[in-house]
Structures are given as structure tokens and as C-alpha cells.
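So the structure is just underneath, and the comments pick up after that.
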Amino acid sequence: MKETPLSNCERRFLLRAIEERKRLDGRQTYDYRSIRISFGADYGCCVVELGKTRVLGQVSCELVSPKLNRATEGILFFNLELSQMAAPAFEPGRQSDLLVKLNRLLERCLRNSKCIDTESLCVVAGEKVWQIRVDLHLLNHDGNIIDAASIAAIVALCHFRRPDVSVQGDEVTLYTPEERDPVPLSIHHMPICVSFAFFQQGAFLLVDPSEREERVMDGLLVIAVNKHREICTIQSSGGIMLLNEQVLRCSKIAGVKVAEITELIQKALENDQKVRKEGGKFGFAESIAKQRITAFRMEKAPVDTSDVEEKAEEVLTAADPPPDVVSKPVLWTPGTAQIGEGVENSWGDLEDSEKEDEDEGGSDEAIILDGVRTDVGMEVSNTGSQEAPIVLSDSEEEETIILEPDKNPKKIRTQTISAKQEKAPSTTPVKKRRKKRTAN
């Protein structure tokens, strides 16, 4: 699956922002994104987050035969994998040009710079040596893969511990971690890559470009430096011409950034080693922030309950005394009751449309019908009171049951013809409306 290309509007917007010394994530020109390092439960396993770019590093080892031309040196092998989980543009099972370039750059940065003492990996000269394999998996791609991969590789190598061995004659004994403590690798220095992106044919420079900035850049300069400001490797891509002053300026910036990153790596390694010695909890699960839902942790705050009763008495004495008068329930009908005055009944209120019809019906104005005279016949139940209920119906004949308080229900048969004239006031006796014929 090919990556979605940037539109012309997005490209012009990014270039215009870079010309104005602004970046999408709010960083300055020479600012790095935040770096976060977490370690797994086993030695040699780590995850490095450079902003939203995440790389998983895993180191493994085994005893193999050495190379013929280097019989007393161990073997270092680096492998970087770009999966579709990181970005849809990466194709599985196929080495792209980007992947080949990144693997070669990692080997030049870490193996050719002699950062690891390969002679210390020799067990029996010409027969048995340690082969150290570093596997790097890109979990999420948000730009600057090579910087995140180089940090993950050197952190995993510094955190790794190989099993201890002993040689007696021709016999090689391999000890488990329970029998003997694992042995760390001998590391001379820590080379780290720093990437510089150039725009407008080298007129503008950015450190640690993001994924969108990489799409619009004209060239890329990668410098691998250690904390002693020794350049281990340098690579330029993109076909732009750089001046000597630009390269020297980038090398100075890279030295400052690598010193800060190296200090961060050493602190992370010391904290992990301290937690393991003290027997605390460690691993990826413990590195999850407590604020997240997946942490399942709640902070417990101590609550003082010694003077609860005294405080409760103070609250009761300060509160208003309860009223002496208690409302008595009023029984209107069987199964119902009322306590207190309650809210004014609003069921008897007429709607706006009914009020308008009532006003029209109460006036002496004539009602004009289209040559049709309609008589309305209604039967009203006489209950002996002035507020007798009235029942109207749209159907010609139907039986309606009216429930009245403290009285037996009565059946009333009603007959109506026109549903338009059925609206009448419910509180006064019904009278037949006088219909006058309009005089021509």
C-alpha cells in the first residue's frame, strides 16, 4: 500500500512555516522531541520513544564458530525490521531501499566504530566465540527512524547480560543465571546518530525532522557522534550541496545533543539496575504511566477518623431544628394519599388552541358553514353538582366509563357528528350554541 502523498496546500503550508522558523509541534529549530526509555523484564530488551516514533530493541547471543580471518573476535549482527504496523507504506517480506540504507548506516555507526570490544567475546580462539544479535522492530513511524533505532540499539547493548562461561581444556561450561551472575558487554563508547533536514537547497535547517517534514525536505545529513565529540560516521543523502561551514555547524550541534542523550541513557540504566537490586517491580507493565486506564492503580490517601463523633455532634447542633408540625396524609380515593400542600394542579388548564376556540365560541358572532347545518346531541350525566364531567367523542357510538371520586362509575353514551365542534369548557354546563344565518 502506497503512502498518501501530501497535497500542494500542505506542502506550501509546511515550507512557509519552516521559512518563518515555526514547526507543527511547537518545537524550535534545534529542539529534539522528548525521549522516553523503558526496559523489559529480561536483560537486553527495551523500548525507545522519540516523540511518537517507537522502536523495540532485543539483544540475543549464542556460541558459534568465528570467522576465518578473525579467529579471536566475536560477531555483531544488526537487523532492523519495518512492519506494516508502523506505517501502511511498509511492505512485509520485501527489503526496500530505505530499509537497506538504514541497516547499513546502523552497522557503520555501531560495528565499524568499534564501540563494543569484540575480542572480549572470544571464548576459545578459533573455535568458540559469542555472536551478539541486535533485532530492532519499528512499532510506530513518525519520522527520524535512524535516530530512534541507534538509541534503541546502544541502550539494548548496554542493558544486555550474557551468560558466564568457563573453559577447562577443551570443555566449555555454560552457566545459567541462577548459578552465576550474567556478564555485561564491554562497551567503549556510545555512538548516537543525529539527523539534520535541509530545505530550500540548504537555506533552512531542522534537527530531528518529523514524518511530514521528511516529505518536503530536500536533503538529509546524518552524523553519528559520541559524548567525547568524536565523529563515528557521517552520511548525506538527497543530492544537495553543503558548505564546509554547514557541516561543521551540524557537527557541533550533534555533539551537544549526543551529550544530553547519553546522560539520559545512563540515568535510565542506573535506575533500572537500582530497582532490580532492591527487588522492586520492573518491566514494561511497570513503566506504564499511572494516569492511564490500563494501569489499574489508585492512590490511597489516609483519612483521620479519630474525632468523627465530635464533628458529627457539632454539625447536628449547628443545624436548624426539625419542624414540630407534621403534615397529615389526606386520603382522596382508595389507594391514593397526599401529604402536604403539593404543587398546584395544572391538568385543568386549557391549552392555547383550546382557549382561542373557547373565546370564539363565547362571542355572539355568527358561525358560517358551507350550506350545512349540524346539530350536536349530547347527554350529560347529572351528578347533582355544578362541576359535572362532560365526555365528548369523535365516534358515532361508543361506551365511555368515567371514574369519579367516591362514586360508582356510570356509563354514558355519546353521539357526535362533527369533531371540530366538540371542544367546550369543562367547568360550566354545556349550552347549545346559537347559529345564525348570515344575512345576504
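I need the phi-derived Karplus couplings for the stretch 57-68: 6.51 cos²θ - 1.76 cosθ + 1.60, θ = phi - 60°, integer Hz, Gly and Pro marked x.
Values, residue by residue: x, 9, 10, 9, 8, 7, 8, 9, 7, x, 6, 5 Hz.
Can you compute the FRET efficiency between residue 89 and residue 64 using 1/(1 + (r/R0)^6), with r the Cβ-Cβ distance and R0 = 35 Å? Round to the nearest 0.05.
According to the calculation, E is roughly 0.45.
Could you run the Karplus curve 6.51 cos²θ - 1.76 cosθ + 1.60 with θ = phi - 60° over the stretch 12-24 and give me ³J(HN,Hα) per residue in whole Hz, x for Gly and Pro?
Taking θ as phi minus 60°, the curve returns 5, 5, 5, 5, 5, 5, 5, 5, 8, 6, 10, 10, 5 Hz for the stretch 12-24.
Let me cross-check residue 263: its accessible surface, 1.4 Å probe, with only protein heavy atoms counted, in Å² to the nearest 10?
100 Å²
Compute the signed sum of charges (Lys and Arg +1, Asp and Glu -1) over the other residues within less than 12 Å, Cβ to Cβ, of residue 7.
Every neighbour counted, the sum reads +3.
Ordered by residue, what ³J(HN,Hα) values in Hz, to whole numbers, does the stretch 222-233 give under the Karplus form 6.51 cos²θ - 1.76 cosθ + 1.60, where θ = phi - 60° and Gly and Pro are x?
10, 10, 9, 9, 9, 6, 8, 6, 9, 6, 8, 7
At 0.36 nm per residue, minus the direct Cα-Cα distance, what do residue 139 and residue 314 gain on full extension? Give it in nm, one decimal, please.
Between residue 139 and residue 314, full extension yields 57.0 nm more.
Could you list which residues have their amide H under 5 Å from that of residue 208, counting only those 5 or more apart in sequence or on another chain, with H placed in the peptide plane?
195, 197
Could you report the accessible area of residue 30 in Å², rounded to 10, computed with a 1.4 Å probe on the protein chains as they sit in the structure?
80 Å²
Please tell me the relative contact order of the stretch 161-244 in percent, rounded to the nearest whole number, where contacts are Cα pairs under 8 Å and at least six residues apart.
Relative contact order for the stretch 161-244 comes out at 22 percent.
Using modelled backbone amide H atoms (1.01 Å from N, in-plane), which distant-in-sequence or interchain residues come within less than 5 Å of residue 232's amide H?
Here 224, 225, 226 satisfy the definition.
Net charge near residue 56: determine it from the other residues with C-beta under 11 Å of the C-beta of residue 56, scoring Lys and Arg +1 and Asp and Glu -1.
Its environment carries a net charge of -2.
So who's got an amide H within less than 5 Å of the one on residue 78, skipping anything under 5 residues away but keeping other chains? H placed 1.01 Å off N, in plane.
Excluding prolines and chain starts, which carry no amide H, the hits are 134.
Enter the accessible area of residue 164 (Å², nearest 10), with the probe set to 1.4 Å and all protein chains included.
40 Å²
Sort 315, 47, 172, 303 by heavy-atom solvent-accessible area, probe 1.4 angstrom, most to least.
The ranking, largest first, comes out as 303, 315, 172, 47.
The values are calculated or read from the model by the stated rules, or taken from the named source; none is laboratory data. Here the structure is a predicted model, which means the values were calculated and not measured. Here the Cβ is made from the backbone with ideal geometry for all residues, glycine too, and neighbour counts use every protein chain on show. Quick note on the areas: whole protein, heavy atoms, side chains included, nothing else; ligands and nucleic acids left out. Shrake-Rupley method; radii C 1.70, N 1.55, O 1.52, S 1.80 Å.
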